[in-house]
Amino acid sequence: MSMNSESLSKDPSTVQQRRQANILLLRMQWLVILLLIAALLWLYISQQRFQHSVNDRLQSNEQVISRLNEMDDRLFAMSQQTLPEPRVKASSQAQNQLDLLRIQIKAADRLLADSNDSAAIELLRGLHWQLSQSSNEIAPALTIVIKQSLLKDIERLQAQSSQPSPWQIQNLAIQNIQEFLHSHERLGSYEGTDLQRRELVDAATENKQPLNVADNSAASDTNLTRRQLTIHEVIMTLNLASQASNMRKQDQLVSYLTQARKQLKTLVPKASTSDNKKSAQAGAIGIVQADKKPIDGQSNLETMKAPSDIPEVIVWLNQLIAHAPKPTPLLTTEILDKPQR
């Protein structure tokens, strides 16, 4: 009987625990359900807010677009009222084409300055073809004149490309003079000492005076040093003249050649003034003949023999100064630079 009473006392407690567990589970389920409902409400509200913001932005964009369209319409209406006549349009287009043509001709002049004759010829041919197209709106009379000048420029450049350039001939002549001066500078020490010794020996024998060897060596050393320095300065000046010729600058070329001629004249001895006059006269005759035939001036420079002494170098420099080449601009450049009426 005691065992039955204990089991009956335990049963109510288990039943109560089960009830309490069921109640706890129900409460937890309701709590989860409430949390899910709250999350759904928050998502719905946030989605509605995002949709409203997007709609507001779309409306503002539509307003901006409508305003821009209205402004475009107003600008178009104003431009239609102020448009020029078709003739004015055509003239402005023709002026633009002329400006572009001037820029292209300047590019051709630059190619010629860089000694790129073939590229300049191709560019001029392209301009001639461009003027022959139907899109050309330049005046017909001016178009004919420009096309004729382009053909003349192409023919002249083709003739020049088949012959050596006068600037190249100048450089070759300057290089020949420099080579002679280099060899003359090397041989000057031996020839100068022998010549001065012979002169001193002859003077001593005629006057029957003793020869001072120390004075002879000192004088020869100073004279040779001055001569070598002068020749070296002339060579450096000719280097500058060659650079000026490469850059097609006539004024600098003539200036450097004149300076080299002045420096060389100090090396001509007084005893050979008669020979110097003869060489100067020969040089003057050559210059006069070259002036009578200006086309053959550069060929005279090509056929001149290599110099053998300083007076002949001076004659060479006279020829180079007299026949200093000039950069000839294109005929089309002169036509386009003229003011158009």
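Along its first, second and third principal axes, ordered by size, region 122-186 spans 68, 17, 16 Å in Cα coordinates. Put simply, when 129-135, 252-258 are sorted by average Cβ atoms within 10 angstrom per residue, most first, you get 252-258, 129-135.
Taking the number of Cβ atoms within 10 Å of each Cβ as an exposure proxy, the fewest-first ranking of LYS326, LYS265 is LYS326, LYS265. Ordering PHE180, PHE50 by the number of other Cβ atoms within 10 Å of each residue's own Cβ, fewest first, gives PHE50, PHE180.
Put in line by how crowded their Cβ is, counting other Cβ atoms within 10 Å and starting with the fewest, TRP316, TRP167 read TRP167, TRP316.
Cα extents for region 13-53 along the principal axes, largest to smallest and rounded to whole angstrom: 60, 5, 5.
Counted residue by residue at 0.36 nm each, then reduced by the alpha carbon distance between them, the extension gain from ASN171 to ASN246 reaches 26.2 nm. Once backbone amide H atoms are built at 1.01 Å from N, HIS323 has no partners under 5 Å, excluding neighbours fewer than 5 places away on the same chain. The modelled label-to-label distance for the pair ASN69/GLN130, using points 7 Å beyond Cα in the direction of Cβ, is 4.3 nm.
FYI, it's all coordinate maths here, none of it is from the lab. Here the structure is a predicted model, which means the values were calculated and not measured. Backbone-built Cβ (ideal geometry, glycine too); neighbour counts: all protein chains shown.
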